[in-house]
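What follows is a short report on a single structure.
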Amino acid sequence: MTNAQAVQALFQPFSIGKLSLSNRTVMAPMTRQKSPNGVPGPDVAAYYRRRAEHGVGLIVTEGTVINHADSSNQEGVPFFYGEEALRGWANVLNEVHRAGGKIVPQIWHMGARGNVNEYDEEEIANIVREFAKAAAEAKRLGFDGIELHGAHGYLIDQFFWAKTNQRKDRYGGDLIARTTFAAEVVQACRDAVGPDFPIILRISQWKGIDYSARLVETAEELKQFLEPLANAGVDIFHCSTRRFWEPEFDGSELNFAGWVKKLTGKPTITVGSVGLDGDVSTFFTKGNGSGIASLDGLLPKLANGEFDLVAVGRALLADPAWVDKIREGRLEELIPFTPQSLQTLY
Ligand SMILES: Cc1cc2nc3c(=O)[nH]c(=O)nc-3n(C[C@H](O)[C@H](O)[C@H](O)COP(=O)(O)O)c2cc1C
């Protein structure tokens, strides 16, 4: 197969429920910290619109936080509550839709400042309610769905991970008990948005504080972990890894997204070093940039249906026209990711 043929796998339409995408590319959520006082301004809207204009199938916004005292500890991270921030988001949405794109906000809570073991049940119920309020606002504004950030060691993942969750109540205990909080969040969001509004859940084995961490060691454990989440109303699992080509478990070539799709029957998004020759942890730990890499290893997996959608992070941060260039075979024009890419919101 020539490259031009292989690349067609990325440009097949996709739909689930009311979400119809013109192709399989997804912009991965990337925190930019360029929303002063939590309000995304016209520059943020233009940044996302530019990716929509250049053919990204689905934009997942940077993490945007719910209304809770602990939800954010970083200046410039956008809020998903309050009149001004929501007006900013309505403008982002409008710009992306006018450019023919689709967009979901990534709803985020960065995590307990002390630890999740200190929240009492009333506090947890309050946080669950705030997730649901954000979901309802996303629907009211006209977003194409939501993504819940359940990955990388932030709040939802702090409940998943045995190392951070030592609760003795129903939110802690074995792997299944540790999904209780996430399942309640998903269910509350589902109740708030109704059956047809897409809910994506992002999950990962790795944590920002421990790249080698694992929530599950076997496919059987993964199945147990996913079942309560799928039952609570997740439509699509966004399976975050640093390197998409790595088999998740011995004895099979399937990657994390491949396994999650196989075990749940739900569509999945893969992510991790697509189009780049170095993974994101080299950036987070050493500030490294990454050069351009071929998509040859990715495309057959997508064509074979191992996963449904492909999220692209740093390559799209650096190059708003990444999708158009891939489709048109303009590979020599691709812009590599450098730490300087983060300085502007282009
Ligand atoms: C600057 C930066 C900010 C990020 N912020 C988020 C975020 O807000 N939410 C999230 O789930 N992942 C975040 N990520 C992880 C990306 O979504 C993605 O999973 C990761 O970069 C791997 O994809 P890549 O190799 O294509 O860059 C961030 C990554 C980068 C580089």
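Would you confirm whether or not region 8-23 contains a residue that is without any contact (Cβ under 8 Å) to a residue 24 or more places away in the chain, more than 13 Å from the ligand (Cβ to nearest atom) and part of a helix (DSSP H, G or I)?
Taking every residue of region 8-23 in turn, at least one turns out to be without any contact (Cβ under 8 Å) to a residue 24 or more places away in the chain, more than 13 Å from the ligand (Cβ to nearest atom) and part of a helix (DSSP H, G or I).
Does Asp191 satisfy the condition of being more than 30 Å from Gly142 (Cβ to Cβ) and either touching a helix residue (DSSP H, G or I) at 6+ places or on another chain (Cβ under 6 Å) or in contact (Cβ under 8 Å) with a residue 12 or more places away in the chain (or both)?
It is false that Asp191 is more than 30 Å from Gly142 (Cβ to Cβ) and either touching a helix residue (DSSP H, G or I) at 6+ places or on another chain (Cβ under 6 Å) or in contact (Cβ under 8 Å) with a residue 12 or more places away in the chain (or both).
What tally of residues in region 285-341 results from selecting those that are within 15 Å of Tyr47 (Cβ to Cβ) and among the acidic types (Asp, Glu)?
Counting residues in region 285-341 that are within 15 Å of Tyr47 (Cβ to Cβ) and among the acidic types (Asp, Glu) gives 1.
Name the residue that is farthest from Leu201 (Cα to Cα), counting only residues in region 121-153 that are under 16 Å from the mean Cα position of the chain (by Cα) and acidic (Asp, Glu).
So the residue we want is Asp144.
Do we have any residue at all in region 220-236 that's over 18 Å from Gly150 (Cα atoms) and among the hydrophobic types (A, V, I, L, M, F, W, C)? Steps first, answer last, please.
Let us first name the residues in region 220-236 that are over 18 Å from Gly150 (Cα atoms), namely 220.
Right, trim to among the hydrophobic types (A, V, I, L, M, F, W, C) and you get none.
Checked against the condition, which is being over 18 Å from Gly150 (Cα atoms) and among the hydrophobic types (A, V, I, L, M, F, W, C), region 220-236 yields no hits at all.
Have a look at Asn117, Asn165 and point out the one that is touching a Gly at 6+ places or on another chain (Cβ under 9 Å) and assigned to a helix (DSSP H, G or I).
Of the residues listed, the single one that is touching a Gly at 6+ places or on another chain (Cβ under 9 Å) and assigned to a helix (DSSP H, G or I) is Asn117.
Looking only at residues in region 126-161 that are part of a loop (DSSP other than H, G, I, E, B) and not aromatic (Phe, Trp, Tyr), which one is surrounded by the fewest Cβ atoms within 10 Å (Cβ to Cβ)?
Gly142
Residue-by-condition table, conditions (1) in contact with a Gly (Cβ under 6 Å, 6 or more places away or on another chain); (2) hydroxyl-bearing (Ser, Thr, Tyr); (3) within 13 Å of the ligand (Cβ to nearest atom):
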{"position": "Asp308", "(1), (2), (3)": "no, no, no"}
{"position": "Ala311", "(1), (2), (3)": "no, no, yes"}
{"position": "Leu316", "(1), (2), (3)": "no, no, yes"}
{"position": "Trp322", "(1), (2), (3)": "no, no, yes"}
{"position": "Gly329", "(1), (2), (3)": "no, no, no"}
{"position": "Glu332", "(1), (2), (3)": "no, no, no"}
{"position": "Ile335", "(1), (2), (3)": "no, no, no"}
{"position": "Thr338", "(1), (2), (3)": "yes, yes, yes"}
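Could you tell me whether region 262-273 includes any residue that is more than 25 Å from Gln224 (Cα to Cα) and within 12 Å of the ligand (Cβ to nearest atom)?
yes
Any residue in region 301-330 that is aliphatic (A, V, I, L, M) sitting within a Cβ distance under 7 Å of a residue that is surrounded by fewer than 21 Cβ atoms within 10 Å (Cβ to Cβ) and part of a strand (DSSP E or B)? List the pairs, counting only those 6 or more apart or interchain.
So the pair list comes out as Leu309/Phe14.
Values quoted throughout were computed directly from the atomic coordinates according to the rules given, and no laboratory measurement underlies them. These numbers were taken from a predicted model, which means no experiment stands behind them. Every residue, glycine as well, gets a Cβ built from its backbone with ideal geometry; the counts of neighbours run over all protein chains shown.
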